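Read through the structure below, which is laid out as structure tokens, and then see the notes.
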Amino acid sequence: MTDRDESVCPHCGEKMKKWDPGAESTWECKFVWVCFNDDCPYFVRGWDHMMSSQQIRASYRHRRIPGTSDTGPLAVWSPYALRDGIIED
């Protein structure tokens, strides 16, 4: 791991939010860092990518498992999807 703050989205530079993946998740962590910035280029371009490659109206948000190098997309079906899992500090 680097000295870089793992809670900052590498696509937009915004602070990501702690998100509860739920009890049914296979991730063995208490929370996941997720970028909920609706202006994040990763999220914005995801709509077109998913429509052109999968023919579905969906996008994805950048996510990171804390303390690991595990990052990637977290699929969403609307800009409001998964927001109920945000953990407020």
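The values are calculated or read from the model by the stated rules, or taken from the named source; none is laboratory data. As the structure is a computational prediction, the values presented were derived from the model and not from experiment. As a convention, Cβ positions derive from the backbone with ideal geometry for all residues, glycine included, and neighbour counts pool all protein chains shown.
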note = Within region 28-56, residues over 17 Å from SER78 (Cβ atoms), touching a Lys or Arg at 6+ places or on another chain (Cβ under 6 Å) and not in a strand (DSSP E or B) come out as PHE31
query = For region 40-60, does any single residue satisfy the condition of being closer than 19 Å to SER7 by Cβ, loosely packed, with under 12 Cβ neighbours inside 10 Å and of a type in the set (Asp, Glu)?
reply = no
task = Kindly establish whether SER25 is surrounded by 10 or more Cβ atoms within 10 Å (Cβ to Cβ), more than 17 Å from PRO79 (Cα to Cα) and either modelled with pLDDT of 95 or more or more than 11 Å from the chain's Cα centre (by Cα) (or both).
result = yes
request  = Out of the residues in region 72-88 that are in contact (Cβ under 8 Å) with a residue 60 or more places away in the chain and not in a loop (DSSP other than H, G, I, E, B), state the one that is farthest from PHE36 (Cα to Cα).
outcome  = GLY85
ask   = Mind checking whether some residue in region 3-23 is assigned to a loop (DSSP other than H, G, I, E, B), of a type in the set (Phe, Trp, Tyr) and touching a residue at least 24 places away in the same chain (Cβ under 8 Å)?
value = no
